[in-house]
Amino acid sequence: MAHAADRRSTEERMDHIEFQDKPEGPIAAAIIAGGIGATALGVFTTLAEASEGAKNWLQWSDAVGPLSGKVLMAVLVWLVAWAVLHLALRNRPYETRRALVISLVLIGLGVLGTFPLFFQAFGG
Amino acid sequence: MSFTTREWWGLIHGMGLGALFLLAFAGGLAGLYSLKPALVTPEGVVERMRRLKVGVVTMAVVAWLTVLTGTWIVYPWYRATGPDSARSQLLADEATKGWHEFGMEWKEHVAWISPILATVVAFIVLYYGTNLIRHQRVRRTAITLFVLAFVFAGVAGAFGAFITKVAPVK
């Protein structure tokens, strides 16, 4: 009885809060793009270790070294992926849970790629 | 009793921005957690949303400032060629080289995932606003990413503190 009254009270309060209906697509796009950015960071980190040519190419700043190219390329990939996914999903009711699962897998790959014991295994 | 320019930047990067990041995370997490239908009122939600937006945007901005100052200001001093740089000192001793080869190598990379995820959460909160109260699944997703952003910053921050203790940037 008390539980039903609480629920009614909550529903009444919710009726007085202003909600704007918005599709979840842009949220899913941002979430997946975040995962893509993390994966890109892992890929560039491992690539720089595996290839001397890639390492030299990623050295955009002599003071910072190859880290400069790795992080700026990862940020670039993230922003481009976000823009593309946003355009593709902006009006779609894309399931956020599915986007989170995809993103968590991509973040996991990104963390693996930046983990020294992993990427140093590709070193010469 | 004074600090060198490099020590000042180390303090700004590690302690100043680190403390702000921690504050913004605590505020943002409390705000996101409390966005439950049973815990909000029509009067309180406006103020609560404003506070949440400030918290998550601050955390994202601070996370970007932290990695930018760390990578482009402090890190070049850390990795400078010559026997006096922190990196050279760590690598010169078998007992301390692991701090560079594992600690610094992980920290300098993984830290960059934090601002990306913090920005995603800031976007979710700014875009979805009060809808986070109705759609608890999205709110929980935002909390998950917010906590992950904090964890990656925590890994980087902890290694930064340990490495500075062993071989400070001077």
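For a 19 Å ceiling on Cα separation, which of these pairs sit above it: B:107/B:165; A:70/B:97; B:53/B:107? Intermediate values should be presented prior to the final figure.
On the way: B:107/B:165 15 Å; A:70/B:97 23 Å; B:53/B:107 28 Å.
Pairs exceeding 19 Å: A:70/B:97; B:53/B:107.
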Nearest 10 degrees is fine. How inclined is helix B:42-69 to the longest principal axis of chain B, computing both from alpha carbons? 20
Mind pulling the angle between the C-alpha long axis of helix B:136-166 and the longest principal axis of chain B? Nearest 10 degrees, somewhere in 0 to 90. 20
Rg followed by Dmax, in Å, when the protein assembly as shown is reduced to its Cα trace: 21.4, 76
Calculated [θ] (222 nm, deg cm²/dmol) that DSSP helices of n ≥ 4 give over chain B, each run adding -39,500 (n - 2.57): -22500 deg cm²/dmol
With Cβ to Cβ distances under 14 Å as the rule, what net charge do the other residues near residue B:145 carry (K, R +1; D, E -1)? +4
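Extension gain residue B:161-residue B:50, at 0.36 nm per residue separation less the Cα-Cα distance, in nm?
Values: separation 111, 0.36 × 111 = 39.96 nm, distance 3.32 nm.
Gain in length upon complete extension: 36.6 nm.
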Computed over chain A, the convex hull of the Cα set has an average projected area, in nm², of 11.9
What FRET efficiency comes out for the pair residue B:147/residue A:60, r = Cβ-Cβ distance, R0 = 35 Å, nearest 0.05? 0.65
Along the charge dipole of the stretch B:5-166, pointing to its positive end and built from +1/-1 on Cβ of Lys, Arg, Asp and Glu, which listed residue (B:82, B:166, B:144) has its Cα farthest out? B:144
I'd like the FRET efficiency for residue A:52 and residue A:76, computed as 1/(1 + (r/R0)^6) with the beta carbon distance as r and R0 of 22 Å, rounded to 0.05. 0.50
So which GluC sites (Glu not before Pro) in the stretch B:86-159 end up in coil per DSSP with only 11 or fewer other C-beta atoms within 10 Å? B:94
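Mean residue ellipticity at 222 nm from the helices of chain A, using -39,500 (n - 2.57) per DSSP H segment of n ≥ 4 over the full residue count, to the nearest 500 deg cm²/dmol?
Details: 6 runs with 93 residues, N = 124.
That calculation yields -24500 deg cm²/dmol at 222 nm.
Relative contact order (percent) for chain B, with alpha-carbon contacts under 8 angstrom and 6 or more residues of separation? Don't skip to the answer; put the middle values down first.
Numbers: 182 pairs, mean separation 55.1, N = 170.
Relative contact order comes out at 32 percent.
Using r as the Cβ-Cβ distance of residue A:19 and residue B:68, and R0 as 30 Å, what FRET efficiency do you calculate, to the nearest 0.05? Show your work: numbers first, answer last.
On the way: r = 37 Å, r/R0 = 1.22.
In this case the efficiency is close to 0.25.
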What do you get for the angle between helix A:2-15 and the principal long axis of chain A? Use alpha-carbon atoms, 0 to 90 degrees, nearest ten. 70
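Within the set of other residues whose C-beta is less than 11 Å from the C-beta of residue B:160, count the net charge using Lys and Arg as +1 and Asp and Glu as -1. The partial results should precede the final answer.
Details: positive: B:107, B:165; negative: B:108.
For residues surrounding residue B:160, the net value is +1.
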State the Cα centre-to-centre distance between the stretch B:1-45 and the stretch A:52-124 in whole Å. 25
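Quantify how strongly other chains surround peptide B:99-111 by giving the mean number of their Cβ atoms within 10 Å of each of its Cβ atoms.
Taking all residues of B:99-111 together, the mean is 5.
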The stretch B:72-170: C-alpha pair distances exceeding 24 Å, %: 40
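Coordinate-derived values only; no laboratory data. Every value quoted in this text rests on a predicted model; they were computed, and no experiment measured them. Cβ: placed from backbone, ideal geometry, glycine included. Neighbour counts: every protein chain shown.
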